[in-house]
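Enquirer: Right, I'll just put the structure down here and ask away after.
The values are calculated or read from the model by the stated rules, or taken from the named source; none is laboratory data. Predicted model only: the values in this text are computed from it and were never measured. Backbone-built Cβ (ideal geometry, glycine too); neighbour counts: all protein chains shown.
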Amino acid sequence: MNKTKLIKIIFVIGVWILLSTFIINIYNENFEIVNYNNNSQSLKKIFQLNGDLKDEKLSIFLIPHSHCDSGWLQDYDWYYNHVVQYILSGIVNELNLDKEKKFNWVEIGGWVQNDEATATIDDVITQMTQGHQWLKDTLNYTIEYAWQIDPFGYSSSTPTIFSSMGIKGLIINRVSDDVKSYMKSAKEMEFIWKGSESLGEQSQMLVSTLNVHYDYPKHIDPKKDFSLEERVKGFTKYIKDLSNTRESSILMIPLGDDFRYSNAKNEFSVSKEWLKVIQDNKEKYNIKEIKYATIDEYFIALEDEFMNKLGKTVEENLKTGFSSTLSLYNKDFFPYSTGDLEYWTGYYTTRPLLKRLIRESSLLQKSSDILYTLAIGENSNNQIDINNLQTLSNQLNENRNTIALVQHHDIVTGTSRSFVLNDNFQRLQKSRISNYNIISNSLEYLLNKDNNNNENTDSTNEPFNFENVIDLSNEINNQYSLVFHNTLGWEVNQHVSFRIKVNKNDNQLLESIQLVEAISNKTIQIQIIPIQDDSNCQSIENNYIVFAIINLPPLGLNTYYLSISSNEDSKPNTILSKPKLLKKGNEINFNNNRFKVEFESNGLISKITDKNSNEIKTIEQTFHQYSTKKSGPYIFNVKGGKKHGFLENPDKFIYHDGPLVSQLTMLYGVDDGCNVTSIVVQRIYKNNEIDNSNSKSLITENYIETGYSINGDMNRETTINYKVKDLENDDIFYTDNGLESRKRIYNHDRTVNQNYYPVLGYIKLKETSENNNHQYTVYVDRSVGATSPSDGEMEIMIHRTMDTDDWKGVNWPSKDIGRSDAKLYFNMDLVNNQLQNEKRISLHITNQPIMFVKKHNNQTGYLLKYSPLSNQLPSNIHLQSLLTLKNNTVGLRLFNIHEVDSNTQSTTDTDKSTLFNELEISNFIETGLSFLKLTKNNLIDKYSTRINKKFPVKCGESEYSFINEKPSSIIFSNNGTNNIIDGENKGENNKTIETIQIKPHEIKSFTFNFNFQLDQIIPNNNNYAINKELNNEYIEQSIENQRYEYDFSFFPIKPTFYDDRGKYNRPNHLALILSLSIGTPAGILIIVIALVVIYKKRKNRKTLTSSYSLLNLILKDRADSSP
């Protein structure tokens, strides 16, 4: 080979290498594929630190585990039938054969491993309680340590809730890469986490963070092909690196991963080989002990080490690298990121319809729990009634299990395969139908006081039904009993609405509809609004909304009669609001006792006047969409995308006005038929009967309601924005975690998606200038993501869908093109006023009255109004839960929401009353939050902590601290005995008196019993059948599958799930890399060769042509010179 050819070959190879490297770099930047289970390459790199092992010998606790999702790539039943049952069988067999082996089962604490960004605190408490109660009832085991290794970030409510359940320690994992790297370098992988500044040490717990992920360290993974020598060498290096990232010499190493140990015998046998080598050489590797262990054993050893070092001198602790204090962390871990382009903020909003259905199903469950419990208590002297009601207890518990199940970190987040989410949607539907039945029967036993007298029972009397639309088309002679249930512990006076259907264009009938409060026989003013104009769309043809103001006792029921008046002497107090078509939205204003609202020409809010303070603010309300091809179910990524205006020009404006409601409806995408692509409904509630100078506004008058109905647009992420002009909030905004508000700071060095935070109840801004002290709050009806991208602006993401995946494990695009009907509620008020009102408004929005309907001709023998509490609870005490546990033990939770002006340092007036009106209770005992005995955490009380101001998370702390305020005192007296919390105090008439003290932001839990003899209850012999069980199939078709989400909804609820089983044929980026890295240089080489060949041919032709020309000249010369 000559020198020239060699140079050419080397040159080609060099070009090929350079091109390959360039293409791979492009791929890594734009097409990074990260496996959800095994995590990204960056997480796989074990953090490297130079230095020797600690002087102290290491205690190593090996934690065999299997992370079995209750739904993700497969549904619950498939996972159990195909995988989980074999894991359980194999593990039990291995543990029986070898007592040294241990195993940690899946969730370690709750019914599931709940998400922490999108699950409400009520639902988190429910799912944890279901798990704790099952473990106690089944295995007589009480959880003291928890394992939250897979949620995508961690809420500050977690240490507050978990510590209130008696949980002393927590393992976490998914902390942002940059944060975890810092924690390792600062040796803060073990720390004390404080959930609430108001609760202080009471909300603190010890936390240990996994070093990399929850899978095996690479070299000891039984599925990986390493020699014994390589396993031992890799493991010893791993523990050296691990020990240098934490203060203690107590190390915890996970041995497992998703759905591992399906062949438990094999996994343990592989581990046995390298483990024996380590155990035989403990001195060589500076190991005190190494063994299989549980989470409990690990934390007990860790706590012991920390406690033992408390008595040592600083010099003694320094020899072992121990600082004598643990870092105290008082924020949360949101947002979670695995790289600059991988901020997991999309799932805060993913699948908005499912998030809403979960939330409203939870409220229905709460109503079912309360009414069933009260029915048991009210019928405690009737053994047959108790027996009949108890036949519903299993249904009730199963429904709670369903609510618990959907709190899983891949269900409520919307980050499972679509068919898995559909399975959970159907489970929710079944639980709703079951709860309809439980509520129906409970209402009968609460209100029908003649239900024991079969002779007086009207056999034609229909049950209480859930009616989404009340059909009055052929009901001239009938009337309906509308029974409203208030799930709050306060009296409620508020607007409500429900849908009716009547015969076409029957205005006379509509104006004859009347609503009468049954107990007072008072005709209630109602306002009726048609849902549609005159477009004659069949789906909502002749559908109307009825508005009314109702009164409900605390936790109680009130009955209203709905009928069509045929009596000329009886004049209904009914206003039929006829539609008025507008050309522009700014032709009208809204006014009520609190606000004046003005609109832009497109019907969106432009200006609001607060009549209490006379403050006038320009409010720019807009809709937008981000276009992106890089987002997925988990990740919101704006790189390469643009932000566009959305819903800017309605096709139609419809205005309705009346004494109770002013409403402006905007329709978009209207065609000649019934098609409407989007709907926006602006609404304000009014009450013209109150004296504005002396009376408080109704709670429904304290916000401007915006309803919307939008489809998911492909590769669009839709937001609604509220921008308050001239508001200076210095990049500070607040979101709530369900318990309290948390401070957020918009970081302008990051993109907007990196500044999104989860919102459970509301997002708010406060003015920071001295001359203004207003607060602006937007309340939400489901979990969403939100941010504040500029001064005075709140941005809330309301829908998102894409035809790409983010490759975090779902491996299928999240194509949610379904319609989402929702409401947002805007409030502006003085900061001090909102300090008193914001949480209560949020609870009223979340806990709307639930209505059940009974059609009848005669309602004799029924209670018309029912109030179980002797008085409403103090204004700052929220009754969070009332439910029946096993053996008819009742659980009660009370939450001090702190609706008090912090400047006055006042507390709630003592309320001296019986808890229940006529119900006798006994065995009133304070418990932990999951209704089990609460144990004291000695470490938290004794160990000193430090705050690291260099910690990379810069926001997320509590907005307020009320730790120095006195707790609220509530005194309960009752006729029962053994009512002991801290002691027994007998008052007059030998009543037991209990004083309960609840700190601001504290939830306290109690159990008690109603006074009745369980051993006298006779078996159910069906002589007296409980109220006829509803036909589930009928309900599914006529109610659930045709249910409208809101009063303004044009379309019934219709989720757009699809079958995404199997492998998604995504673009093969690896093949693309190989083809480009090989094909590109090969193509270039071929082109170069072709060009060379062409060049040579042309050169040869040119040379030949020159030769021919020269020859012609010579011949010509010869010819010319010849004679």
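Enquirer: Please verify whether L739 is part of a loop (DSSP other than H, G, I, E, B) and buried (at least 24 other Cβ atoms within 10 Å of the Cβ), treating the condition exactly as stated.
Expert: Judged against the criteria, L739 is a match.
Enquirer: For the range 813-824, give me each residue that is buried (at least 22 other Cβ atoms within 10 Å of the Cβ) and not aliphatic (A, V, I, L, M).
Expert: Once the filter is applied, which keeps residues that are buried (at least 22 other Cβ atoms within 10 Å of the Cβ) and not aliphatic (A, V, I, L, M), the range 813-824 yields S814, D816, R819, S820, D821.
Enquirer: Need pairs with beta-carbon distance below 8 Å; first residue on the phi > 0 side of the Ramachandran plot and surrounded by 23 or more Cβ atoms within 10 Å (Cβ to Cβ) and within the range 336-358, second assigned to a helix (DSSP H, G or I) and among the polar types (S, T, N, Q); sequence gap 6+ or separate chains.
Expert: Taking only residues 6 or more apart or on different chains, not a single pair turns up.
Enquirer: I want to confirm something. Restricting to the range 167-198 and keeping residues that are farther than 13 Å from K331 by Cβ and of a type in the set (S, T, Y), which single residue is nearest to the chain's Cα centre (by Cα)?
Expert: Restricting to residues being farther than 13 Å from K331 by Cβ and of a type in the set (S, T, Y), the top hit is S198.
Enquirer: Can I ask one more? Of the numbered conditions (1) more than 13 Å from D657 (Cβ to Cβ); (2) touching a strand residue (DSSP E or B) at 6+ places or on another chain (Cβ under 8 Å), N593 fails exactly one; give the number of that condition.
Expert: Checking N593 against (1) more than 13 Å from D657 (Cβ to Cβ); (2) touching a strand residue (DSSP E or B) at 6+ places or on another chain (Cβ under 8 Å), the one that fails is (2).
Enquirer: Considering only the range 104-125, I want to know if a residue exists there that is touching a strand residue (DSSP E or B) at 6+ places or on another chain (Cβ under 9 Å), over 20 Å from F333 (Cβ atoms) and at pLDDT below 95.
Expert: Looking for residues that are touching a strand residue (DSSP E or B) at 6+ places or on another chain (Cβ under 9 Å), over 20 Å from F333 (Cβ atoms) and at pLDDT below 95, one finds at least one in the range 104-125, hence yes.
Enquirer: Scan the range 576-589 residue by residue and report those that are more than 19 Å from S601 (Cβ to Cβ) and surrounded by 19 or more Cβ atoms within 10 Å (Cβ to Cβ).
Expert: Answer for the range 576-589, where residues must be more than 19 Å from S601 (Cβ to Cβ) and surrounded by 19 or more Cβ atoms within 10 Å (Cβ to Cβ): just S577.
Enquirer: Inspect all residues belonging to the range 836-853 and state whether any of them is modelled with pLDDT of 95 or more, in a loop (DSSP other than H, G, I, E, B) and closer than 30 Å to F1057 by Cβ.
Expert: Yes, because at least one residue in the range 836-853 is modelled with pLDDT of 95 or more, in a loop (DSSP other than H, G, I, E, B) and closer than 30 Å to F1057 by Cβ.
Enquirer: Still on this structure, I have one more. On the basis of being surrounded by fewer than 15 Cβ atoms within 10 Å (Cβ to Cβ), among the acidic types (D, E) and modelled with pLDDT under 80, does E988 make the cut?
Expert: Criteria met by E988.
Enquirer: Here's a follow-up. Test K815 against the criterion of being assigned to a loop (DSSP other than H, G, I, E, B) and not polar (S, T, N, Q), and give yes or no.
Expert: yes
Enquirer: Can you tell me how many residues within the range 495-523 are in a strand (DSSP E or B) and surrounded by 19 or more Cβ atoms within 10 Å (Cβ to Cβ)?
Expert: So the answer is 10.
Enquirer: Select from the range 946-964 the residues that are surrounded by 16 or more Cβ atoms within 10 Å (Cβ to Cβ) and of a type in the set (S, T, N, Q) and list them in ascending order.
Expert: S958, S961
Enquirer: Quick check on Q625: is it more than 30 Å from N837 (Cβ to Cβ) and touching a residue at least 12 places away in the same chain (Cβ under 8 Å)?
Expert: Considered against the rule, which asks whether it is more than 30 Å from N837 (Cβ to Cβ) and touching a residue at least 12 places away in the same chain (Cβ under 8 Å), Q625 comes out as yes.
Enquirer: While we're looking at this one, here's another question. For the range 497-522, how many residues are out of contact with any Lys or Arg (no Cβ under 8 Å at 6 or more places or on another chain) and either hydroxyl-bearing (S, T, Y) or within 14 Å of L562 (Cα to Cα) (or both)?
Expert: 17
Enquirer: Being farther than 17 Å from F599 by Cβ, among the hydrophobic types (A, V, I, L, M, F, W, C) and in contact with a Cys (Cβ under 8 Å, 6 or more places away or on another chain), is that true of even one residue in the range 721-729?
Expert: No, every residue in the range 721-729 fails to be farther than 17 Å from F599 by Cβ, among the hydrophobic types (A, V, I, L, M, F, W, C) and in contact with a Cys (Cβ under 8 Å, 6 or more places away or on another chain).
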